[in-house]
Amino acid sequence: MSAIDELVAVMARLRGPGGCPWDAEQTHASLVPFVIEEAHELAEAIEAGDEAHVREELGDVLLQVVFHADIARAEGRFDLDDVAGALVEKLRRRHPHVFAETAVAGVDEVVANWDAIKRAEKPERGSALDGIPSSLPALARAEKVLRRARRAGLEAPTEADAAGVDTEAELGRALLRTVAAAAERGLDAERALRGAIRELESALRAQEGERGAAGEAALP
């Protein structure tokens, strides 16, 4: 038996009759805080460069995947094999330059192909900004909104706006000074950034709408 198979069996035992009452009563919703926490702990371990810690935290993230899969298995919806199978299909589909005959000249074309394939898979997403989790911390959400916007060819603030900031250390200190100044004035920096992101998203979506309208008007 592989370690993965043994892990699946252990989780089924923990959640089964005579197992752990706490594990048995968990739901997808009740586990959400743990998924978020474990992801942050893994990121911290990676940034610290602690290999043993990274391995441990990867295990904790994997536990969350197996836990959710076992909840679904017990309800007859899907299991870990289904999760892995769907992921394999997605990876093959989104890497036609590896698993098919598509030729690419470099990373930029890989990213462009990925975006095009993803749009075809999810036609219900009319905007390049759709699908960005609103629960992301404001700084992470800001970065993702800006990255999506630039990849979609939308006008957005550039790094030139951060004059005099050339390294992550300088950026960190500049951000800290901004947060400290906000706190002294009784302002909530996280909430303020969320508001600014909403304004940016609204402007970017308007750009998309104008671009789409212009394209339709140009049609014969």
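The values are calculated or read from the model by the stated rules, or taken from the named source; none is laboratory data. The structure displayed is predicted, hence computed values, not measured ones. Cβ sites come from the backbone with ideal geometry, for glycine too, and all protein chains shown count toward neighbours.
Quick check: is even one residue across region 3-24 assigned to a helix (DSSP H, G or I) and under 30 Å from ASN113 (Cβ atoms)? So far as region 3-24 goes, no, none of its residues is assigned to a helix (DSSP H, G or I) and under 30 Å from ASN113 (Cβ atoms).
Pairing residues of region 74-96 that are of a type in the set (Val, Ile, Thr) with residues that are surrounded by 13 or more Cβ atoms within 10 Å (Cβ to Cβ), at Cβ distances under 9 Å and at least 6 apart in sequence or on separate chains, gives VAL83/VAL65; VAL83/HIS68; VAL83/ALA69; VAL83/ALA72.
In the set (1) in a loop (DSSP other than H, G, I, E, B); (2) in contact with a Lys or Arg (Cβ under 8 Å, 6 or more places away or on another chain); (3) among the aliphatic types (A, V, I, L, M); (4) farther than 24 Å from ASP188 by Cα, the condition left unmet by ALA156 is number (4). For region 173-200, the candidate set comprises residues that are of a type in the set (Gly, Ala, Ser) and under 17 Å from ARG141 (Cα atoms); within that set, the residue that is modelled with the lowest pLDDT is ALA189.
If the condition is being more than 20 Å from the chain's Cα centre (by Cα) and either of a type in the set (Asp, Glu) or not in a helix (DSSP H, G or I) (or both), then region 55-67 contributes only GLU56. Take ARG205 and tell me if it is farther than 29 Å from GLU37 by Cα and at pLDDT 80 or above. Yes; evaluated as a whole, the condition is true for this residue. Among the residues of region 9-26, are any within 21 Å of ALA140 (Cα to Cα) and without any contact (Cβ under 8 Å) to a residue 24 or more places away in the chain? Among the residues of region 9-26, not one is within 21 Å of ALA140 (Cα to Cα) and without any contact (Cβ under 8 Å) to a residue 24 or more places away in the chain, which makes the answer no. When you scan region 13-31, do you find a residue that is closer than 28 Å to SER135 by Cβ, out of contact with any helix residue (DSSP H, G or I) (no Cβ under 7 Å at 6 or more places or on another chain) and aliphatic (A, V, I, L, M), even just one? The answer is yes; a qualifying residue exists.
Can you pull out the residues in region 150-172 that are modelled with pLDDT of 80 or more, more than 25 Å from the chain's Cα centre (by Cα) and exposed (fewer than 12 other Cβ atoms within 10 Å of the Cβ)? ASP166 - this is the single residue of region 150-172 that is modelled with pLDDT of 80 or more, more than 25 Å from the chain's Cα centre (by Cα) and exposed (fewer than 12 other Cβ atoms within 10 Å of the Cβ).
Within the option set ALA156, ALA142, ALA69, ALA48, being of a type in the set (Gly, Ala, Ser), in contact with a Leu (Cβ under 8 Å, 6 or more places away or on another chain) and in the same structural domain as CYS20 (by TED's automatic domain parsing) holds for one residue only, ALA69.
Exactly one residue out of THR102, THR178 is surrounded by 11 or more Cβ atoms within 10 Å (Cβ to Cβ), polar (S, T, N, Q) and over 27 Å from GLU208 (Cβ atoms), and it is THR178.
Within region 68-83, which residues are basic (Lys, Arg) and within 22 Å of the chain's Cα centre (by Cα)?
Matches in region 68-83: none.
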